[in-house]
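Worksheet: one structure, shown below.
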Amino acid sequence: MKRLFLALLLLLSAGLSGAALAAIDTYQFADQETRLRFYQLNDELRCPKCQNQALGDSNSPIAIDLRREVHRLLGEGNSDREIKDYLVARYGEYVLYRPQLSSHTLMLWLTPLALLLIGLAVVLLMVKRRKAPHGTLTLDATEQQRLKALLAEDKELK
Amino acid sequence: MKRLYLFIPLVIFIALALLFSKGLKLDPTAMPSALIDQPVPAFSLPSLSSEQRLLTRDDLLGEVSLLNVWATWCPSCRHEHPYLMELADQVRIIGINYKDDRAAALLWLSALGDPYAFNVFDQDGTLGVDLGVFGAPETYIIDPQGMVRYKHVGVVNERVWLERLKPLVVKLLAEADS
């Protein structure tokens with residue numbers, strides 16, 4: 001029981017330190033829901049300067065500015081969609097970790113699906129091939145006799 | 001026929017090798033500006049030299065200009081500065097002093113020279129966000145109507161100027177004259 005408690009405590013502290021790694025700002029929110037939306041946006045938006053860091057994960061000056069913008073836009077009652085559009089209009093689609101479906105992102109969205117289908121096709125093909133019978137196994141009269149002779153020979157040798 | 005199947009891995013390998021060798025040559029920091037052929041966003045910010053003087057988008061109009069985002073905290077800007085001094089004779093350069101300290105910026109200009117027609121003092125980086133600035137230095141080519149025509153991220157040096165900026169600037173200047 002004590003051990004279980006300790007393990008839980010360790011898990012909890014690991015979770016907390018993970019949260020502590022994220023950049024810290026002091027922002028006030030109208031309500032809890034807005035706060036959660038802010039964190040969600042911070043996770044889904046990408047810092048334009050950093051090669052691969054979420055907005056909420058970076059301490060670069062531009063990320064700090066953009067978090068401030070996101071906070072301001074949330075305060076003005078914009079929807080998540082509007083906030084993303086605002087940033088895309090300035091920094092391009094690069095800032096979206098989940099790019100919108102459009103003609104030039106089609107490949108990005110469809111390639112995994114295509115690979116999955118190819119994989120399924122290959123598996124089906126292999127399964128089908130394995131089940132296929134390996135020709136007929138009946139022997140005609142002469143073959144039967146030869147077989148018997150061979151077996152008899154085998155016995156004699158032993 | 002079966003033998004040909006043996007070449008499938010080789011074909012896949014070659015295709016991937018080609019793809020990745022192309023990827024190696026791509027610049028991961030290159031980001032197309034979302035603002036190309038869009039008007040410079042409206043702003044109202046003080047001038048660097050005088051706190052009382054407010055500058056707006058209208059101050060950029062009328063001439064082909066380079067809009068140069070710089071700051072004293074930016075080492076590459078210092079590296080870029082001498083070349084901007086040379087360019088100042090050829091084209092109007094407007095500075096955006098980005099998230100900087102006013103006194104430090106003024107000291108910089110008096111010590112190193114001032115290539116700028118004027119400087120917008122964007123202390124909080126609000127104009128920077130509207131322009132899609134994500135670092136300094138960045139340089140935009142603005143036509144006389146105030147449209148962004150090109151964006152260069154990084155230092156402007158002789159090579160960048162001759163290869164990328166000058167052809168467009170010359171073209172725009174010719175258009176503006178006709």
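Values in this text are rule-based calculations from the coordinates and carry no lab data. All of these numbers come straight from a predicted model, not from anything done at the bench. Methodologically, a virtual Cβ is constructed for each residue, glycine included, from the backbone with ideal geometry; neighbour enumeration extends over all protein chains shown.
Among B:LEU60, B:LEU106, B:LEU26, the largest mean-square fluctuation in a Gaussian network model of chain B (Cα springs under 10 Å) belongs to B:LEU26. Across peptide B:25-31, the mean count of Cβ atoms from other chains lying within 10 Å of each residue's own Cβ comes to 2.
Take every DSSP beta bridge whose two residues both sit in chain B; close to 60 percent of them are antiparallel.
In this simple spin-label approximation, B:GLU51 and A:LEU117 carry label points 7 Å from Cα along the Cα→Cβ vector, and these lie 6.5 nm apart.
Distance between the pseudo-spin-label points of B:GLU163 and B:GLU175 (7 Å out from Cα toward the beta carbon): 2.4 nm. Counting only residues at least eight positions apart within a chain, or on another chain, the lysines with an alpha carbon under 17 Å from that of B:LYS171 are B:LYS151. Charging the Cβ of each Asp and Glu at -1 and of each Lys and Arg at +1, and nothing else, the dipole of segment A:18-103 about its Cα centre rounds to 180 debye. The mean number of Cβ atoms from other chains found within 10 Å of a Cβ in peptide B:125-134 is 6, as a whole number. Give the angle, between 0 and 90 degrees and rounded to the nearest 10, that separates the Cα long axis of helix B:166-177 from the longest principal axis of the Cα atoms of chain B. It works out to around 50 degrees.
Evaluated with a Cβ-only charge set (Lys, Arg +1; Asp, Glu -1), chain B carries a dipole of roughly 1180 debye about its Cα centre, given to the nearest 20. Between B:LEU19 and B:ALA117, the contour length at 0.36 nm per residue exceeds the alpha carbon distance by 30.7 nm. Here B:SER110 and A:GLU76 are evaluated by their C-beta separation; at R0 = 45 Å the FRET efficiency comes out at 0.65. For segment B:38-177, the relative contact order works out to 32 percent when only alpha carbon pairs closer than 8 Å and six or more residues apart are counted. Neighbour counts of C-beta atoms inside 10 Å place B:TYR98, A:TYR97 in the sequence A:TYR97, B:TYR98, starting with the fewest. Close amide H partners of B:LEU55, meaning residues 5 or more places away or on another chain with modelled amide H under 5 Å apart, are B:LEU45, B:SER47. Neighbouring Cβ atoms from other chains, within 10 Å of the Cβ of residues in A:82-95, number 4 on average.
Pairs over the 25 Å Cα-Cα cut-off, from the set A:LYS49/B:LYS22; A:LYS128/B:LYS2; B:LYS99/B:LYS166; B:LYS2/B:LYS22: B:LYS99/B:LYS166; B:LYS2/B:LYS22. Ordered by the number of other Cβ atoms lying within 10 Å of each residue's own Cβ, fewest first, B:ILE142, B:ILE94, B:ILE14 fall into the sequence B:ILE14, B:ILE94, B:ILE142. Ellipticity at 222 nm from helices only: DSSP H runs of n ≥ 4 in chain B, each -39500 (n - 2.57), divided by the residue count, give -11000 deg cm²/dmol. Within the protein assembly as shown, antiparallel bridges make up roughly 65 percent of the DSSP beta bridges whose residues both belong there.
Ordering A:THR111, B:THR139, A:THR105 from the fewest to the most neighbouring beta carbons within 10 Å gives A:THR111, A:THR105, B:THR139.
In the protein assembly as shown, taking the dipole from charged Cβ atoms about the Cα centre, the farthest positive-side position among B:VAL40, B:LEU106, A:ALA152 is held by A:ALA152.
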